[in-house]
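Each remark here refers to the structure printed beneath this line.
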Amino acid sequence: MELEIVKLRPGDSLLVRAGRLFSGKEDCFRVNVFLFIRGGVIERIFAAPGGEKLKKALKNLGKEEQKEQIPFLDLSRLTILPGLVDCHVHLALDGEDFQKAARSWAAPEEMKKHLARRLANTLARGVLAVRDGGDRAGIGFLAREMIKSGTLFGPHITITGSALRKSGMYGSFLGAGVNKGELAGSLKRLIAAGVDQIKVLVSGIVSFREYGRVGPLQFGPEELNILVAEAHRAGLKVMAHANSDQAVTMAARAGVDSIEHGYFIGRSTLAMLAELDISWVPTVVPVASQVRRSDLFSQEQLRVIEKTYKKQLEAIGEAAVLGVRLGVGTDAGAPGVPHGEGYLEELALYRQAGLKPAFILRAATAGGAKIAGAAQKVGLLEEGRPASLIAVEGNPLADLNALKKIKYCFLS
Ligand SMILES: [Zn+2]
């Protein structure tokens, strides 16, 4: 059977039987349950003891519901879990051809087709919410509007608009660049335009030529402190692109909400993130996937790439022990990372870092939902919460590869 996408409408009721249910909380795993869904919300979750017949199960519902002919979906051979969350994507790019992708930014009709395909590929992997890390052409706004207006069924989208970056420094495709004294004005315009979060580039990117080298810092502590305070005053979280331990430390001290990438983050800085309740989205796959590109990189560069992502895996293991909230982010759209496809690979890299499947799934669901500011839409399957869920064959808590066999996505 192919993947079936179920759009839950306000007036619809549905009774679902699940073989297994993972709620999004690390320790919450149940077998043989019914979910009664009404208007896209999980109204009841109740046990279905062995051999239970549907008629008997319906006695758990109120008298009114029992009289209704509630559609029933038997997923007793599947595991139900919250929709997955990708905390870091770039919908404006495709991961294949940067120049070609950028050319369509000025052609809205063509862009809409690209977005429809990128979002369909994302949904097909069970990703029901994404947070966009920005683009300078307003493509994030277009994507969010397509979903909100119902033009397209797709994941919930959190957008950041243009990333705040220093003129002349890394990231020209992410944001126009601000000069000295322009930061407050740029931030004000983003807030007025209706972004969901603020993206700031605190440092450059990692070098594939020299191990441990990172592009220079873009903002100083004072500028960052003001930026974060102003964003928070407007009720917006700040996601900070920060590589090098120095950049991460500065961003954390300024009080950003999430660190993106964070290559070369040190142990004491990880402890600080845990202490300050700052989340980390490590995005390993955009680097790890490059080790396959011997057509693009020299042997020496491939060694640097490998060493870099393995260092990142070590840090992820440490972060888990220290209690840092992790989110899964693929940087989809970055070179070599097409939308949707990188997600399972990122989860496999977390596994390689030594994390247990239940821990990884919590990061991929409830943890990510909090980071992406999408907790009202996805993340936890509990009574009273939206039925944004996926159903997969097998048991992902035993083997994450079960996520390759997604049978249903419920959009509420
Ligand atoms: Zn990014």
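Yes/no per residue for (1) among the hydrophobic types (A, V, I, L, M, F, W, C); (2) open to solvent by 10 Å² or more (accessible area, probe 1.4 Å); (3) in contact with a Leu (Cβ under 6 Å, 6 or more places away or on another chain):
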{"residue": "80", "(1), (2), (3)": "yes, no, yes"}
{"residue": "87", "(1), (2), (3)": "yes, no, no"}
{"residue": "98", "(1), (2), (3)": "yes, yes, no"}
{"residue": "101", "(1), (2), (3)": "yes, no, yes"}
{"residue": "106", "(1), (2), (3)": "yes, yes, no"}
{"residue": "117", "(1), (2), (3)": "no, yes, no"}
{"residue": "127", "(1), (2), (3)": "yes, no, yes"}
{"residue": "150", "(1), (2), (3)": "no, yes, no"}
{"residue": "164", "(1), (2), (3)": "yes, no, no"}
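Table: residues versus (1) charged (D, E, K, R); (2) more than 16 Å from the ligand (Cβ to nearest atom); (3) closer than 18 Å to residue 368 by Cβ.
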{"site": "288", "(1), (2), (3)": "no, no, no"}
{"site": "296", "(1), (2), (3)": "no, yes, no"}
{"site": "310", "(1), (2), (3)": "yes, yes, no"}
{"site": "317", "(1), (2), (3)": "no, yes, no"}
{"site": "322", "(1), (2), (3)": "no, yes, no"}
{"site": "331", "(1), (2), (3)": "yes, no, yes"}
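Could you please let me know if residue 342 is of a type outside the set (Ser, Thr, Tyr), touching a strand residue (DSSP E or B) at 6+ places or on another chain (Cβ under 9 Å), within 16 Å of the ligand (Cβ to nearest atom) and more than 20 Å from residue 23 (Cβ to Cβ)? Yes, satisfied. Note on the stretch 322-412: enclosed helices (runs of 4 or more DSSP H) holding 3 or more residues that are open to solvent by 30 Å² or more (accessible area, probe 1.4 Å) are 342-352. Scanning the stretch 275-286 for residues that are within 16 Å of the ligand (Cβ to nearest atom) and either among the basic types (Lys, Arg) or touching a strand residue (DSSP E or B) at 6+ places or on another chain (Cβ under 8 Å) (or both) returns 279, 280, 281, 282, 283, 286. Residue 78: assigned by TED's automatic domain parsing to the domain that holds residue 385 and at pLDDT 95 or above, yes or no? Spelling it out, residue 78 is indeed assigned by TED's automatic domain parsing to the domain that holds residue 385 and at pLDDT 95 or above. Kindly list, by first and then second residue, each pair from a residue in the stretch 131-150 that is assigned by TED's automatic domain parsing to the domain that holds residue 164 and under 13 Å from residue 333 (Cα atoms) to a residue that is more than 16 Å from the ligand (Cβ to nearest atom) and not β-branched (Val, Ile, Thr), limited to pairs with Cβ atoms under 7 Å and residues at least 6 apart or on different chains. Taking only residues 6 or more apart or on different chains, the pairs are 139/105; 139/111. Scanning the stretch 242-263 for residues being in a helix (DSSP H, G or I) and within 16 Å of the ligand (Cβ to nearest atom) gives a total of 3. The number of residues in the stretch 86-116 being out of contact with any Ser or Thr (no Cβ under 9 Å at 6 or more places or on another chain), more than 16 Å from residue 331 (Cα to Cα) and touching a residue at least 24 places away in the same chain (Cβ under 8 Å) comes to 4. Is there a residue being out of contact with any Ser or Thr (no Cβ under 9 Å at 6 or more places or on another chain), open to solvent by less than 20 Å² (accessible area, probe 1.4 Å), within 16 Å of the ligand (Cβ to nearest atom) and at negative phi anywhere in the stretch 264-274? For the stretch 264-274, residues out of contact with any Ser or Thr (no Cβ under 9 Å at 6 or more places or on another chain), open to solvent by less than 20 Å² (accessible area, probe 1.4 Å), within 16 Å of the ligand (Cβ to nearest atom) and at negative phi: absent.
The values are calculated or read from the model by the stated rules, or taken from the named source; none is laboratory data. Since the model is a prediction, treat every value here as computed from it, not as a measurement. Cβ: placed from backbone, ideal geometry, glycine included. Neighbour counts: every protein chain shown. We work out accessible area using only protein heavy atoms, side chains counted, and drop any ligands, DNA or RNA first. Shrake-Rupley method; radii C 1.70, N 1.55, O 1.52, S 1.80 Å.
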